[in-house]
Amino acid sequence: MKRRAFLISAGGVAAGMVLLPRVSSAAEGKIDWYTSSDTNILDFWTNVIAPKFEAANPGLSINLIDAGDGAGQDAIADRALAAMQTSTDPQADYFETADPLSPKGAMEAGLYVNLKESLSNWSKVNPLAIETDFAVPYRGSQVLLAYDTTKLPAADVPKTWDDLVTWIKANPGQFIYNRPDKGGSGGNFVRRAIHEANGRDPSLFTLDNFTPEYAEKTLAPAWEILNDIAPSLFDNGAYTSGNTQSVQLLGQSAVTMIPAWSDQALQGIATGVLPETTGLVQLTDLAFSGGFSRGVVLSNGANKDAALKLADFVLTEEIQGAIIVELGGFPGVSWDNVAEDLRNKYKDIVPSSIPTFPGGDWGSAISDGWYRNVAPNVDRNA
Amino acid sequence: MTARPVSWVQPSRRLTGLLLVAVPVLLFAWMTIWPILSGLTTALTPQQADGSRPLSFDNFVTFFSDPYSLANLGITLWTCLITLGLLLVICIPLALYLRFAQGRLATYVQTMAMFPMFVPSIILAFAFIRVLGPNGMADLLLNAVGLPKIRSPYLTPWGPVIGLVWDNIPLTVLILVSGLGAVSNQAVEAARDVGAKPLALFWHIILPRMWTSVAVVVSFTMLGLFASFTLPYVLGPASPEMMGPFMQRTFRDLRNPEMALTQATITMVFCIAFGLFYVRAVARNRGN
């Protein structure tokens, strides 16, 4: 009986020790880095940035942690904000991509380091990509047109919206874009139509100026534009359900041109999903919208100084070149700060402007409006 | 061996039994019953401008007066019925073959029929685009022998139908084959001895014993088809959309959980009808 009682109590203590929250503090010189991005980004950091950074900075290393998704990383940010109030170690130094406006009040509380003042490479950053001084845009991607050069010579490719519409109508069935809510390539194609319908002025749309009446007024003309081209799209007005499916249709030579994310198209060409003969072009009258990933450094992290070194490091020519070549992304720095051979190779897709479109209520209004006004109004058997 | 009468069970053992049963029952109540009640309550009490939530059928009126939503419900019913019809046409002969055939070929056929069970639907969807999509394998083969290309079912309502039929073959065949276990070889041989032709054999001997499993197939696959998401999402047209993608889009993109719950409630009502059909079929079978 005594033996059993001993066994039970000993087992209980052991279990309790396992369940006890383990108190540990961040290791010196090991940057706790979190990402909410896709696996290809984590792979890129694991295989390219981390080894290069560790080689260049002896004694420093990066602890790469996958936060899973945005919600997972938000929880780490919440923890860091709470740690700030109690002056404890947040065990987080660097977020691969984050919005410094989140969590609410974090920026005002000083959770994120002002990178404009702290980074020596900040001057290299593309001014079009800067949203705030607290986050460093280090990689971007933009929607552009991917096309089959065997069917459409590069010299004849449309470079303005009007030319594009003319081309789509002259070549029925050769263009397709995906549903705006199912992927950014189609989503930003639709947003470009909205820009076109409103004098190509992206400043007309902000996060705060959304009202249902204003949306109705600005979006309705865009639905007309899109309905006008619908019968000339692939299969008399079909829409794929994602970026990948559009790329697949271009790869199968079922269509001649699609809107595509720059990184997806470049990676597709590199891996053979898209043939070598795929051409890429950006509209010159107003580019398709895009987005940048912006890194932040936490001010209360134990390795803040090392993390700032890392933030500076990702802006170097070496890493920015790798972002273009290996990741298929856009550089966060101005193109002048990119190696010359790369600059020449990609000159067709260098944007002169990087328009953006606000999310929030606009996203829902565009999705709902498109599904109700554009998607059904086509007789597919005609 | 016969079961012991309940009265013999000692009180303490009865308690153990109840406790054992409590876990799944509580889990069911928590994960299924509670969300249903909570969803139904939300759908029936739309939030007003002043924040109050009076009982009202407004959300349902909105749904049934909106041609867009009705078209989505219509395509869902159309897809389910067409898919079900095709499944029965394909799977009844297949099940009969597997029940009565012997030898190596039957083993291969059975393996082929079960194969879709091990293919995730997202893989199936992209394979579908490769094979039946524009310039896919089917087109290449037709082209090789000088035939014109097919009009691809990809991004038309027939896309999800073909995908769903393929995906549901294993379950349907399994249920039908198990139902055919009720047909004894003696009965078939006796009917043959008195000169029954294959069709008469099927009609008078086999079919009456198959009804229950057909009813189970109808209710099971209808429930599965109503709930299908990936195949209609990837292969179907942008509009009209099936209820699964429609609900998800309403909830996530339009950020309108109330309407999404209303759509879910309406979908649930149809599913309950097929659920009851299943319960009746099984109950009738027990009664025999």
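Numbers at a glance
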read-out: Residue that is assigned by TED's automatic domain parsing to the domain that holds A:Ile49, open to solvent by 30 Å² or more (accessible area, probe 1.4 Å) and closer than 30 Å to A:Ala77 by Cα, where the choices are A:Ala307, A:Ala302; value: A:Ala302
read-out: Test: residue in region A:27-36 that is modelled with pLDDT of 90 or more and charged (D, E, K, R); value: yes
read-out: Odd one out for A:Ala260, checked against (1) assigned to a helix (DSSP H, G or I); (2) away from chain B (no Cβ under 14 Å); value: (1)
read-out: Scan of region A:310-342 for residues that are part of a loop (DSSP other than H, G, I, E, B) and surrounded by fewer than 17 Cβ atoms within 10 Å (Cβ to Cβ), ordered by number; value: A:Ser334, A:Ala339
read-out: Which listed residue is touching a Pro at 6+ places or on another chain (Cβ under 6 Å), open to solvent by 30 Å² or more (accessible area, probe 1.4 Å) and farther than 21 Å from B:Gln263 by Cβ, from B:Met112, B:Met117, B:Met137; value: B:Met117
read-out: Qualifying helices (runs of 4 or more DSSP H) (wholly inside region B:194-288; at least 2 residues being open to solvent by 70 Å² or more (accessible area, probe 1.4 Å)); value: B:207-226, B:243-252, B:257-287
read-out: Where A:Asp235 falls short, out of the listed (1) touching a helix residue (DSSP H, G or I) at 6+ places or on another chain (Cβ under 9 Å); (2) open to solvent by 30 Å² or more (accessible area, probe 1.4 Å); value: (1)
read-out: Flag for A:Val23 being open to solvent by 40 Å² or more (accessible area, probe 1.4 Å), outside any loop (DSSP other than H, G, I, E, B) and modelled with pLDDT under 75; value: no
read-out: Subset of region A:211-255 (residues that are within 12 Å of chain B (Cβ to nearest Cβ) and in a loop (DSSP other than H, G, I, E, B)); value: A:Leu233, A:Gly237, A:Ala238, A:Tyr239, A:Ser241, A:Gly242, A:Gln252, A:Ser253, A:Ala254, A:Val255
read-out: Per-region count, region B:128-177, residues more than 14 Å from chain A (Cβ to nearest Cβ) and either within 17 Å of the chain's Cα centre (by Cα) or over 20 Å from A:Ala254 (Cα atoms) (or both); value: 16
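Conditions tested, residue by residue: (1) open to solvent by less than 10 Å² (accessible area, probe 1.4 Å); (2) in contact (Cβ under 8 Å) with a residue 60 or more places away in the chain; (3) under 22 Å from A:Gln320 (Cβ atoms); (4) under 15 Å from the mean Cα position of the chain (by Cα).
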{"site": "A:Tyr138", "(1), (2), (3), (4)": "yes, yes, yes, yes"}
{"site": "A:Ser141", "(1), (2), (3), (4)": "no, yes, yes, yes"}
{"site": "A:Lys159", "(1), (2), (3), (4)": "no, yes, no, no"}
{"site": "A:Asn178", "(1), (2), (3), (4)": "yes, yes, no, no"}
{"site": "A:Ser185", "(1), (2), (3), (4)": "yes, yes, no, yes"}
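The values are calculated or read from the model by the stated rules, or taken from the named source; none is laboratory data. Note that this is a predicted model, so its numbers are computed, not measured. Cβ coordinates were reconstructed from backbone atoms using ideal geometry, including for glycine residues, and neighbour counts include every protein chain displayed. Protein only, heavy atoms only, side chains kept; ligands, DNA and RNA dropped before computing areas. Shrake-Rupley method; radii C 1.70, N 1.55, O 1.52, S 1.80 Å.
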